[in-house]
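Notes for the one structure printed next.
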Amino acid sequence: MGFEHRYPKVEMHTGTHPRLGSGVAVWEFDELPEMLGPDCWAVVAARLLMSHNFEPGLAAMLEFIGRSARADRAWVLRFNHDLTTMRNTNEWCASGITSHVEDLQDVPVTMLGDMLLPLKEGQALAINDIELLGRGMRAMQREFRLQGIRSTLTVPVMAEEGLIALIGLDCTRQQRDWTESEVHALTQIAALIGVSRIEGAALTRERIAPETDALARLYLRSGHSARGVDPEDICAVEADGSGTMIHLASGETVPDDRPLRWWHSVLPAHLFLRTHRSAIANLRQVDRFQKRHRGQDLELVLKGTGHRSPVARAQAPELRRRLGV
């Protein structure tokens, strides 16, 4: 089925302009559009990717695409370096739609069934009705049903080494026939992701070191968006109202909806220490332990980011022992 897109009302002023002269029509939008048609998606997606670091840009882009397409979910799935496993790393969900970003983690690519070959060849797959899938798609059909998906659009992200990721849209509340313009727009966006560069490095298949592979990936949740991170990449978690702020090794600070006590219960104890009633620190990411400038209060300075995280005096002995200072 087709989906209408709402455009803004336009107020047009014509006639003599005091500086531009006669015969000049001045067009002014009353408001920015809430929904943009598929022909505009790639332009906005490129702006979002270029104006942010890759991961926050990707999250903003997924939300934009999901809302503009009136989809129920927008997601990115990435492959490991030898294209044998895959995992869902980013997800946006519409209000009232359940999240499944943590369900597909390091699963064999064989689960894709007959989808894999055309995706490896760079072909987009518009599944209008999951109930009509063939026998070679039984595993994915079961997964679609578990997630309540009725229609899904899956587009490959290609790079020099071939297939590196997938980007897609799901519809759960009603069946949908994807249009040519929607498929074309998402294909353009997949191409943008494939060539996006952050600090000179292209997005590639994931390589996971053996020593970090055992640590389960954690998911940052803010509003309707979710994003996966490795625990080692979290430098500090600090309370922020009813939620938290997550300080990452990349220098990003990302909000999360869950309280500090939740993070204290899930972060691996051999890496993290509750250093203050309002903070948890990754001890491998500590640059130095010091007194605050012009005061007696203690703080940690994190590697790379330079962020200063508070330390309670009661925690200082344990912190010194763990740091070996």
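The values are calculated or read from the model by the stated rules, or taken from the named source; none is laboratory data. Quick caveat, the model's predicted, so the values are computed rather than measured. All Cβ positions, even for glycine, are placed from backbone atoms using ideal geometry, and neighbour counts span all protein chains on display.
To keep it simple, each residue is scored yes or no on (1) outside the structural domain of Leu77 (by TED's automatic domain parsing); (2) over 15 Å from Thr98 (Cα atoms); (3) of a type in the set (Gly, Ala, Ser); (4) not in a strand (DSSP E or B).
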position: Glu131; (1), (2), (3), (4): no, yes, no, yes
position: Gln141; (1), (2), (3), (4): no, yes, no, yes
position: Ile149; (1), (2), (3), (4): no, no, no, yes
position: Thr154; (1), (2), (3), (4): no, yes, no, no
position: Val157; (1), (2), (3), (4): no, yes, no, no
position: Leu163; (1), (2), (3), (4): no, yes, no, no
position: Arg176; (1), (2), (3), (4): no, yes, no, yes
So, Arg150, is that one surrounded by fewer than 19 Cβ atoms within 10 Å (Cβ to Cβ) and of a type in the set (Lys, Arg) or not?
no
Over region 212-245, the set of residues aliphatic (A, V, I, L, M) and either over 24 Å from Ile65 (Cβ atoms) or in contact with a helix residue (DSSP H, G or I) (Cβ under 7 Å, 6 or more places away or on another chain) (or both) is Ala214, Leu215, Ala216, Leu218, Ile234, Ala236, Val237, Ala239, Met245
Conditions (1) modelled with pLDDT under 90; (2) touching a helix residue (DSSP H, G or I) at 6+ places or on another chain (Cβ under 7 Å) -> Pro108 fails only (2)
Listed by range, strands (runs of 3 or more DSSP E) wholly within region 214-306 having at least 1 residues that are closer than 26 Å to Val325 by Cβ and either touching a residue at least 60 places away in the same chain (Cβ under 8 Å) or aromatic (Phe, Trp, Tyr) (or both) are 234-240, 243-248, 272-276, 286-291, 298-302
One residue is enough: does region 180-203 have a residue meeting the conditions of a type in the set (D, E, K, R), modelled with pLDDT under 90 and out of contact with any strand residue (DSSP E or B) (no Cβ under 6 Å at 6 or more places or on another chain)? yes
